[in-house]
Amino acid sequence: MNVKLSAASVRSTLSLHKLGVFCALAAAVWLGSAEAPTKLVNSGYSPFIISMGMVMGAFVARWTVPTMLKGTGFLFTDLRDKPHLIVWAILAGMLWAVGNTLTIFAVRNVGLAIAFPLWNTNSIVGLFWGWLLFKELHGSGIKGWGRVLGGACAIVGGATILAVATAEQSGNAPGKAAIGILAAVGAGFMFGTMYVPYRKAYISGMNPLSFVTIFTFGELSTVTLLTAINLGGTGRMFAELHLARTMLFWPFLGGFCWVIGDLFQNFAAKYIGIGRGIPLSNTNQLWGLAWGALVFGELAGLGHGGKLLVFLGSGIMILGAVAISTAAPADSELVNWKAAMDRECERYGLDKEQVAAVVAGDDPLSGQANGRSWWEILIMCVAFGIFIWLAFGTRAQQIAVNFPWMIVLILCTIVPLGVCGTLLYRRTRFS
């Protein structure tokens, strides 16, 4: 197939590339901050209960945020227009649920500052799937391939250095660090594969807000099943949730924040692809390191050599992610992106012009959706009520934290939300 892009289309894509980079950076901040509540596993709670709490928060967020931004009328119209993508969204949610549960074990065994970079090897997994399935990097030239392959090697090297650093971490029982490392790497594989449905949906013209709304059914059902099986049945699961009532607010809040980061990451995957968007959003390891080291004091048990390895490994991985993300697609690669989009349109009988408009950040369905409905106010009130209910009765957990640093990091999390949210609205109206 001989596919050509107009000059206007190329200029638009380059503009969207910048927007995608901003979205990926904002995603990094929120995804990194959202994992901080998983430190509660060190207070004796089951990793499955922590994961369940996060997924409940994510379930609430995945309905309220899209409803607030676009309305249920648009969401239902978008889903009816592309019903074949519903099963892909559910599959992505299932992959995330398994990956997220593995991250809890990783944080418990090797700590947040170490586990984060290890499961961020999902960059390599996503890069492979993007190249194999969606023609990303096809036609990028030697320079583009050099940046991407060099960045991938740096990510692997940094992860290896961090794995070695865990051997110096104090307080780990024999075999505990190894289990944590395997859990983190397994989470990375799940997260990297999860982006296949993401990219498939977005080159088919689905809005990220619609995708994540269905995504939540896959994650909630899977994590509920995993929790019930590993705790010995639903009765035991509800009993454990009741016992953990005084701390559930924190993982619930973490899950809600995670969805905000995930939404930014979805927009990044849409506009710059998974091969570039994932590595850039994986700079969340800086925020994980900041929360782990500055707020929770995780590096206090390491010697000078161990700390040096942690910072060296993180720095190498960051440089690798930057090298990949700055490899902007050349015109010849954009031709292959469009070929992948046309393939999806032909396979599922989609309107190519409409899908092309959505991919360019202009969704024609926005004008076809019905106006706001009364139940949208009810959804917001229910979500707010759940937060209030969980907040009452919440007790401080027996975990030492540095409050000044925690306030600083919270402020640093809020700023990107306003800046990137504004850019995204002005350029695409969240399309």
* Residue pairs meeting the criteria (Cβ under 8 Å; at least 6 apart or on separate chains; first touching a residue at least 40 places away in the same chain (Cβ under 8 Å) and outside any helix (DSSP H, G or I), in the stretch 175-203; second among the aliphatic types (A, V, I, L, M) and surrounded by fewer than 24 Cβ atoms within 10 Å (Cβ to Cβ)) -> I203/A340; I203/M341; I203/V355; I203/V359
* Which residue pairs have Cβ atoms under 8 Å apart, sit 6 or more places apart or on different chains, and have a first residue in the stretch 294-308 that is over 15 Å from I161 (Cβ atoms) and a second that is open to solvent by 40 Å² or more (accessible area, probe 1.4 Å) and among the hydrophobic types (A, V, I, L, M, F, W, C)? -> L294/W405; V295/V401; V295/W405; V295/M406; F296/I399; F296/A400; F296/V401; G297/A400
* To do: Name every residue in the stretch 319-332 that is at pLDDT 80 or above and crowded, with 21+ Cβ neighbours inside 10 Å, in order of residue number.
  => G320, P329
* Would you check if there is a residue in the stretch 126-133 being open to solvent by 20 Å² or more (accessible area, probe 1.4 Å) and at pLDDT below 80? => no
* Pair list, Cβ under 7 Å, 6 or more apart: the stretch 139-155 residue of a type in the set (D, E, K, R), other residue crowded, with 18+ Cβ neighbours inside 10 Å -> R147/A323; R147/I324; R147/A327
* To do: Could you pull out every one of the helices (runs of 4 or more DSSP H) wholly within the stretch 219-337 that has 2 or more residues that are more than 22 Å from the chain's Cα centre (by Cα) and among the hydrophobic types (A, V, I, L, M, F, W, C)?
  => 234-243, 304-325
* Hits in the stretch 215-241 - residues which are over 14 Å from I50 (Cα atoms) and of a type in the set (S, T, Y) -> T216, S221, T222, T234
* Looking only at the stretch 281-307, count how many residues are touching a Leu at 6+ places or on another chain (Cβ under 7 Å), open to solvent by 10 Å² or more (accessible area, probe 1.4 Å) and either farther than 17 Å from A36 by Cβ or small (G, A, S) (or both). => 3
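The values are calculated or read from the model by the stated rules, or taken from the named source; none is laboratory data. Keep in mind that what you see is a predicted model, and the values were worked out from it rather than measured. Here the Cβ is made from the backbone with ideal geometry for all residues, glycine too, and neighbour counts use every protein chain on show. Quick note on the areas: whole protein, heavy atoms, side chains included, nothing else; ligands and nucleic acids left out. Shrake-Rupley method; radii C 1.70, N 1.55, O 1.52, S 1.80 Å.
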